[in-house]
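Trainee: To start, I am sharing the structure in question, which I have written as structure tokens.
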Amino acid sequence: MKRANEWLIVFLLAGIAGSAFASDLRVRVFERGGNAPLPGVAVCLGTPARLNQFGAMLTDPGGYAVFSDIPQTALLVTASKAGFKAEQENVVTTNMDRMLVLSLSAGGGGSQCQLDSVGGSQTASGLDVSRFAINNGASRTAQRTVTLDSRVAGEPTQFRASERADMLDAQWQGYSGKAPFELSAGAGKKVVYFQVRRHATINGADLEVLSPVVRDSITLSP
């Protein structure tokens, strides 16, 4: 199938139950005019204001980039690679799996997908806590108030932290790479769980992308 702009877009829908998030958006990129998939293409999922808001990664040897747990809304896919003209396509995600096939023509120009991590790929959500430590990795503290040191690949807007693994008592706060946290009373080993998210409001809907939960421990000995 060939459109006037000469790039191929195929949507494959599979009826998979969901709620506020789609299971997958699979993007596959080919070189225009050929059957070979293109590896190493930077693919961004986001909005016109922030192309990589919901993730950015390089296509694998099969030409695939897979985004999981994406919000149900109108999003923009951007694909770019050195030596090729970048392409963009608007997609409206639902609670069903979807596949988008793009073909890139030789040349240059177009909007470029920028990876947050140099020369590599990110998690599908675009958020990854690459470092988390209490008091910069100290093993003991005499004070209940400690500092949570973190470094995140991506652009988090908020974080939460708790001594509960389910984090049900944790409130989202504005993200800081050095955030104060109060340990529970009583001497002994304290385990702190930490998570970040990117939160946005689009078309009146609150959307979020979550990082995996990480943890660190410290011994309180007042």
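The values are calculated or read from the model by the stated rules, or taken from the named source; none is laboratory data. Here the structure is a predicted model, which means the values were calculated and not measured. All Cβ positions, even for glycine, are placed from backbone atoms using ideal geometry, and neighbour counts span all protein chains on display. The protein model used for the area step is the full one, side chains on, heavy atoms only, and it has no ligands, DNA or RNA in it. Shrake-Rupley method; radii C 1.70, N 1.55, O 1.52, S 1.80 Å.
Trainee: Residue separation times 0.36 nm, minus the C-alpha to C-alpha distance between ARG164 and LYS85: what's the value?
Mentor: That works out to 23.6 nm of additional length.
Trainee: Still on this structure: Report D for the range 44-181 in µm² per second (integer): Stokes-Einstein, Kirkwood Rh on Cα pairs, 10 °C, 1.306 mPa s.
Mentor: 91
Trainee: A further question follows. Keeping every protein chain in place, order VAL191, VAL196 by accessible area at 1.4 Å, biggest value first, i.e. largest first.
Mentor: Greatest to least solvent exposure: VAL191, VAL196.
Trainee: Additional query: Below 9 angstrom from the Cβ of ARG98, what's the summed charge of the other residues (Lys, Arg +1; Asp, Glu -1)?
Mentor: Result for the neighbourhood of ARG98: -1.
Trainee: Quick one: with all protein chains in place, what share of the accessible area of the range 41-171 is carbon or sulfur, to the nearest percent (1.4 Å probe)?
Mentor: Its accessible area is 47 percent carbon and sulfur atoms.
Trainee: How high is the FRET efficiency between ARG144 and ALA49 when r is their beta carbon distance and R₀ equals 45 Å, given to the nearest 0.05?
Mentor: 0.65
Trainee: I need the GluC sites (Glu not before Pro) found in the range 123-222, filtered to DSSP loop residues with at most 14 other beta carbons within 10 Å of theirs.
Mentor: Taking the range 123-222 and a limit of 14 other Cβ atoms within 10 Å, no loop GluC sites (Glu not before Pro) are found.
Trainee: A further question on this structure: Below 17 Å, Cα to Cα, which aspartates and glutamates can LYS189 reach? Residues fewer than 8 away in the same chain don't count.
Mentor: GLU163, ASP216
Trainee: Counting only other residues whose beta carbon sits under 12 Å from that of GLY62, what net charge do I get with K and R as +1, D and E as -1?
Mentor: +1
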